[in-house]
Amino acid sequence: MASPFTAATSLSCTSPSWLHGFVGPTNEISKFPDKRIPMLVLAQKKAKKTRKIILKEDVTDLGKKGQLVDVKAGFYRNFLLPTGKAQIVTPGLLKEMRMEEERIEAEKKRVKEEAQQLALIFETVGAFKVKRKGGKGRQIFGTVTAQDLVDIIKAQIQRDVDKRIVSLPDIRETGEYIAELKLHPEVTAQVRLNVYAN
């Protein structure tokens with residue numbers, strides 16, 4: 001049977017007759033003193049039901065692939081699970097994710113170290129010599145392109161370089177120039193070019 005203190009909202013009573021329906025006969029009501037009693041209402045908040053999930057693919061306004069997020073249970077059950085976009089997080093899955101992250105970090109570190117070694121090689125080689133047909137004064141016929149630099153690097157130090165990572169100034173005269181090779185997002189090598197006319 002419910003207590004009268006949780007059934008009413010902050011009411012006070014002067015006459016215990018209204019309590020008769022909650023408590024029972026009047027002889028039980030006499031247990032309460034005949035004075036004003038403040039009543040408290042204790043309401044329970046509805047518990048928020050969320051699920052910790054890992055996204056299997058990018059979801060707009062939620063997160064990227066591999067990200068851990070909290071979502072409402074209904075959203076997971078009705079949308080993410082049927083479409084195969086998410087999976088409930090388990091201890092085994094968390095361990096697998098950590099191992100994958102460590103493997104990816106190790107791979108990134110290895111690639112960066114290789115790029116730093118290659119940058120050191122380019123800077124110790126000295127200037128690459130580029131020969132072009134000469135015109136009037138210091139001018140040359142045509143320009144020196146990124147592909148020209150890639151071919152020279154391949155011939156002199158036997159390293160394959162993608163021409164998309166080469167940044168060259170506009171070279172239309174003989175002289176010394178500096179080209180940049182973006183070997184890694186954090187590693188850039190500077191290469192000296194010595195352009196001369198034959």
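The values are calculated or read from the model by the stated rules, or taken from the named source; none is laboratory data. Just so we're clear, the structure is a prediction, and the values are computed from it rather than from any experiment. Ideal geometry is used to build each Cβ from the backbone, glycine not excepted, and the neighbour counts take in all protein chains shown. Just so you know, the surface numbers come from the protein's heavy atoms only, side chains and all, with ligands and any DNA or RNA stripped out. Shrake-Rupley method; radii C 1.70, N 1.55, O 1.52, S 1.80 Å.
Glu113 contributes an accessible area of around 90 Å² to the protein surface, as traced by a 1.4 Å probe with all chains present.
Contact order for region 78-198, expressed relative to its length and based on alpha carbon pairs under 8 Å spaced 6+ residues apart, stands at 28 percent. Here is the result for region 160-193: no trypsin sites (Lys or Arg not before Pro) lie in DSSP coil with at most 10 other C-beta atoms within 10 angstrom of their C-beta.
Only lysines eight or more places from Lys45 in sequence, or on another chain, were considered; those with a Cα closer than 26 Å are Lys72. The length gained on full extension between Ser167 and Thr124, counted as 0.36 nm times the residue separation minus their Cα-Cα distance, comes to 13.6 nm.
Applying a DSSP loop filter and a limit of 16 other Cβ atoms within 10 Å to the chymotrypsin sites (Phe, Trp or Tyr not before Pro) in region 83-190 leaves Phe141.
The value obtained for region 105-175, namely the Cα convex hull volume divided by the number of residues, is 96 Å³ per residue.
For Arg138, the solvent-accessible surface with a 1.4 Å probe is about 130 Å², rounded to the nearest 10.
Rg then Dmax, both in Å and based on the Cα atoms of region 30-141: 32.5, 120. Anything over 31 Å Cα to Cα? Flag those among Lys48/Lys108; Lys64/Lys154; Lys131/Lys182, in the order listed. Distance filter (> 31 Å) returns Lys48/Lys108; Lys64/Lys154.
From the alpha carbon centroid of region 107-122 to that of region 129-151 is 29 Å. Only Cα pairs under 8 Å and 6+ residues apart enter the sum, and on that basis the relative contact order of region 29-138 stands at 18 percent.
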